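Engineer: I have a structure I would like to understand better, so I am pasting it below and will then ask my questions one at a time.
We did not get these values from a lab; they are worked out from the coordinates using the rules stated. Predicted, not measured: the structure shown is a model, and the values here were computed from it. So basically every Cβ, Gly included, is an ideal-geometry build from the backbone, and we count neighbours across all protein chains shown.
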Amino acid sequence: MTDSLAGDLRFNRPLRVLSLDGGGVRGISPLLILKEIMKEISQNHDGRDVKPCQYFDLIGGTNSGGLIAIMLGRLGWTVDKCIEVFTKSSADIFKSSATGQSANITSKSFKYSASTLETVIKEVVKDEGMQDRNPDHCPAFVVAVDKNDVNGPPVIFRTYPAKDPSEVSRKTSNSYVWQACCATSAAPSYFPPFVMESYTFLDGGMGHNNPVFEAVAEASHLTSSRQPVECLVSIGTGTPGNKVIAVGQKALKKLARTAHVQDAFLAVSTDAEKAHQDMAKTAKNSAFHYLRFNPPGGDRVKIDHAQEMGNLTKIVNDYLRGQEALHTVKVCANILAPSTVSSSRWRGDGPIPGYPATVELSSNSTLERVLDSVVTSTKNIALDRIEVEPSPTGEMCIQFRPVLSRHVTGGDNRQGHKPKT
């Protein structure tokens with residue numbers, strides 16, 4: 001790494017990272033889940049206004065997840081503003097089919113207009129460049145693929161400098177925000193490939209619909225820490241594990257004569273759930289916090305059916321009322337923003353309301369009683385750090401955090417996953 005690139009590193013500690021799956025209009029699901037997490041953080045901190053860019057060090061996504069990453073990170077928006085803009089933009093983009101045809105990977109036509117997509121995105125992000133030095137914002141990235149190498153490494157559009165950038169990285173880093181959004185949105189058969197100078201891009205969902213591994217890799221561009229990630233929060237859109245495309249025999253024979261078809265079909269078989277399972281193992285081995293939300297049932301809504309966003313909202317709200325999702329939201333909020341419990345509200349007796357936490361101990365409290373209550377309140381989740389120091393009031397202070405050595409999920413019952421405690 002050169003000195004100039006070293007100067008671009010923004011952190012000397014592990015990062016808190018947010019990864020957002022792709023899914024067209026189903027992107028409303030991660031926003032609703034994020035709203036619940038932000039609400040929990042706000043309630044733990046006297047009801048103050050909060051934004052994801054204040055609690056995450058890096059936000060990235062694919063397809064609609066990429067658009068949301070830009071709005072939350074590069075533009076520094078609140079979740080409520082993102083929901084408002086995302087809902088309207090989805091309705092405008094998918095208002096009517098340009099061809100009147102169903103999506104068909106073997107067709108040379110596309111279901112929706114690239115010019116409409118570009119116009120709507122430009123209305124949202126204006127002429128902003130990708131590079132961003134605003135300290136109130138959060139580094140962000142979106143994922144696309146090179147049309148001529150769909151089974152190769154993904155192409156990353158970043159709002160921050162990359163280490164030893166390749167030619168394509170230099171091009172994408174100097175791009176406009178609207179170009180990055182169009183590239184990650186160019187879903188085959190729905191929109192034409194996006195052309196930028198000598199490069200042609202497709203939707204990052206072609207093999208990278210769940211960009212958790214890209215998120216971990218990107219964290220290393222921003223920190224000098226040997227462990228790039230402290231906490232990784234991944235939010236799905238209810239997308240089924242594999243995208244299955246039905247193709248007739250005549251079409252298959254025609255496709256067999258087409259360049260890059262084999263690579264394309266390998267990439268189209270995107271398995272977001274497998275990426276999640278693989279990341280859960282990686283997180284356990286690397287000892288960082290990993291939480292996954294993925295509402296079952298969202299896959300019943302097609303990615304271009306903006307008129308069904310109300311149904312998606314109901315699906316997510318039902319999911320968030322489940323005990324597993326409620327538990328994971330609380331864990332997530334308290335990892336991102338540890339709550340503070342003063343001695344006036346807690347004196348070492350009974351469960352502690354919220355964890356991780358900083359606890360001020362009154363004179364009649366003992367360490368043994370504190371730890372007994374911690375175990376009770378966290379349902380036997382092990383602790384990875386206990387720090388004792390004087391509080392501002394002169395009393396003893398204890399800070400503790402739970403170990404999430406196994407991943408915690410919000411309860412994707414379709415796959416039989418339950419939170420590990």
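Engineer: According to a simple spin-label model (label point 7 Å from Cα along Cα-to-Cβ), what is the distance in nm between Asp318 and Arg300?
Structural biologist: Result: 0.5 nm between the two label points.
Engineer: Which residues in segment 182-203 place their backbone N less than 15 Å from a point set 7 Å from the Cα of Asp92 along the Cα-to-Cβ direction?
Structural biologist: Only 182 fall inside the zone, counting backbone N under 15 Å.
Engineer: Taking H placed 1.01 Å from N in the peptide plane, check which residues at least 5 places from Tyr290 or on another chain put their amide H under 5 Å from its amide H.
Structural biologist: Leu232, Val408
Engineer: Jot down the per residue volume, in cubic angstrom and as a whole number, of the convex hull over the alpha-carbon atoms of segment 31-188.
Structural biologist: Numbers: hull volume 20.2 nm³, N = 158.
So the per-residue Cα hull volume is 128 Å³.
Engineer: Something else now. May I ask you to derive the FRET efficiency for Gln227 and Lys81 from their Cβ-Cβ distance with R0 = 45 Å, giving the value to the nearest 0.05?
Structural biologist: Calculated value: 0.85.
Engineer: Can I ask one more? Taking 0.36 nm per residue of separation and subtracting the Cα-Cα distance, what length does fully extending Asn148 through Glu128 add?
Structural biologist: Once the chain is fully extended between Asn148 and Glu128, it gains 4.4 nm.
Engineer: Now for a different question. Of the listed pairs Lys81/Lys147; Lys147/Lys314; Lys95/Lys126; Lys302/Lys330; Lys88/Lys126; Lys126/Lys147, which have alpha-carbon separations greater than 28 Å here? The partial results should precede the final answer.
Structural biologist: Values: Lys81/Lys147 33 Å; Lys147/Lys314 36 Å; Lys95/Lys126 21 Å; Lys302/Lys330 30 Å; Lys88/Lys126 16 Å; Lys126/Lys147 26 Å.
Violating the 28 Å Cα-Cα cut-off are Lys81/Lys147; Lys147/Lys314; Lys302/Lys330.
Engineer: Another question, if that's okay. In whole Å, how far is the Cα centre of segment 164-242 from that of segment 124-142?
Structural biologist: Centre-to-centre (Cα) distance: 15 Å.
Engineer: Report the calculated FRET efficiency for Phe11 and Gln307 (r = Cβ-Cβ distance, R0 = 35 Å), to the nearest 0.05.
Structural biologist: 0.25
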